[in-house]
Amino acid sequence: MNISGSVALVTGANRGLGRHFAQQLLERGAKKVYATARNPERVDLPGVEPLRLDITDPASVAAAAAAAGDVTLLINNAGISTYTNLVTGDLDKIRLEMDTHFYGTLSMVRAFAPVLAAGGGGAIVNVLSALSWFAYDGANAYAAAKAAAWSLTNGVRLELRGQGTQVTGVHLGAAATDMMAGYEGDLLDPADVVRAALDGAAAGAYEVVVDEWSAHVKASLAGDPRAFYDAA
């Protein structure tokens, strides 16, 4: 994916990783960057085109695809964490996690696949998580939704290969964003995360594993899960 000269759309671009994506895309020579948010007036980055978008609302997704018919690079970054467990947690919050990370991402892919095809194929970057690969008591709804989004990423990559669309999944541990406020462990610099993600997309990577923790979690999948969870 040649980022220079591309037309990119970033979901959840008003803060956190999304804002860094929009900024670094401009720095890398993107011709246009649609910076989307539920409240586009909160997008404060000079040089972008703010666009209203709620990825959980099919009508909003359709309107965004109609308004941004020149997109060649789709960054599915928007997310939410309700810190909800599965057995006793609020089902509405669990559904919100799945509606955002799985159905919202799928809705964006389905709406923009024809747009990308019309532009020659283009690329999609899905922001996933190390929690795609393990469970964490207190955030199991998030983990389940990100696991579903990982499977979605692998599936749509195969389905869109025929139209020449590149699909890259990005896995990371905890980054210093509003979502992780109050987290007491080490935090990744969001700028470094985005840099790694865009480098991977530019290189045609299927998957970008940003940090050592994510690489450790992925490697553990080949072993006995008891060993991983006992150590964790």
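The values are calculated or read from the model by the stated rules, or taken from the named source; none is laboratory data. Predicted model, so just to flag it, every value in this text is computed and none were measured. Backbone-built Cβ (ideal geometry, glycine too); neighbour counts: all protein chains shown. Note: areas computed on protein heavy atoms with side chains; ligands, DNA, RNA excluded. Shrake-Rupley method; radii C 1.70, N 1.55, O 1.52, S 1.80 Å.
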Looking at (1) of a type outside the set (A, V, I, L, M); (2) under 24 Å from G121 (Cβ atoms); (3) in a helix (DSSP H, G or I), can you tell me which one T36 breaks? (3)
Is it the case that G182 is at pLDDT below 95, at positive phi and assigned to a loop (DSSP other than H, G, I, E, B)? yes
Selected residue (only one of A148, A205 is at pLDDT 95 or above, assigned to a loop (DSSP other than H, G, I, E, B) and touching a helix residue (DSSP H, G or I) at 6+ places or on another chain (Cβ under 9 Å)): A205
Can you pull out the residues in the stretch 1-29 that are open to solvent by 30 Å² or more (accessible area, probe 1.4 Å) and touching a strand residue (DSSP E or B) at 6+ places or on another chain (Cβ under 7 Å)? M1, N14, L26
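Count, please, the residues in the stretch 128-145 that happen to be touching a Ser or Thr at 6+ places or on another chain (Cβ under 6 Å) and either part of a loop (DSSP other than H, G, I, E, B) or open to solvent by 10 Å² or more (accessible area, probe 1.4 Å) (or both). Outline the logic, then answer.
Taking the stretch 128-145 as the starting set, the residues that turn out to be touching a Ser or Thr at 6+ places or on another chain (Cβ under 6 Å) are 130, 141-142.
From the residues that got through so far, the ones that are either part of a loop (DSSP other than H, G, I, E, B) or open to solvent by 10 Å² or more (accessible area, probe 1.4 Å) (or both) too are 142.
So the answer is 1.
Here are V156, V170, V109, V125: which of them is surrounded by fewer than 21 Cβ atoms within 10 Å (Cβ to Cβ) and either aliphatic (A, V, I, L, M) or part of a strand (DSSP E or B) (or both)?
Values: V170 fails: surrounded by fewer than 21 Cβ atoms within 10 Å (Cβ to Cβ); V109 fails: surrounded by fewer than 21 Cβ atoms within 10 Å (Cβ to Cβ); V125 fails: surrounded by fewer than 21 Cβ atoms within 10 Å (Cβ to Cβ).
When all the criteria are applied, what remains is V156.
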Quick one: what pairs do we get from the stretch 193-213, first residue within 22 Å of G5 (Cα to Cα) and open to solvent by 40 Å² or more (accessible area, probe 1.4 Å), second assigned to a helix (DSSP H, G or I) and among the charged types (D, E, K, R), C-beta under 9 Å, 6+ apart or different chains? Y206/R157
Among residues belonging to the stretch 151-174 that are among the hydrophobic types (A, V, I, L, M, F, W, C), under 15 Å from the mean Cα position of the chain (by Cα) and at pLDDT 95 or above, point out the one that is nearest to G200 (Cα to Cα). V170
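Of everything in the stretch 64-92, what is part of a helix (DSSP H, G or I), touching a helix residue (DSSP H, G or I) at 6+ places or on another chain (Cβ under 8 Å) and more than 20 Å from G16 (Cβ to Cβ)? Give them in sequence order.
So the first thing to find is which residues in the stretch 64-92 are part of a helix (DSSP H, G or I), and the list is 64-67, 91-92.
Those left that are additionally touching a helix residue (DSSP H, G or I) at 6+ places or on another chain (Cβ under 8 Å): 64-65.
Residue satisfying the conditions is A65 alone.
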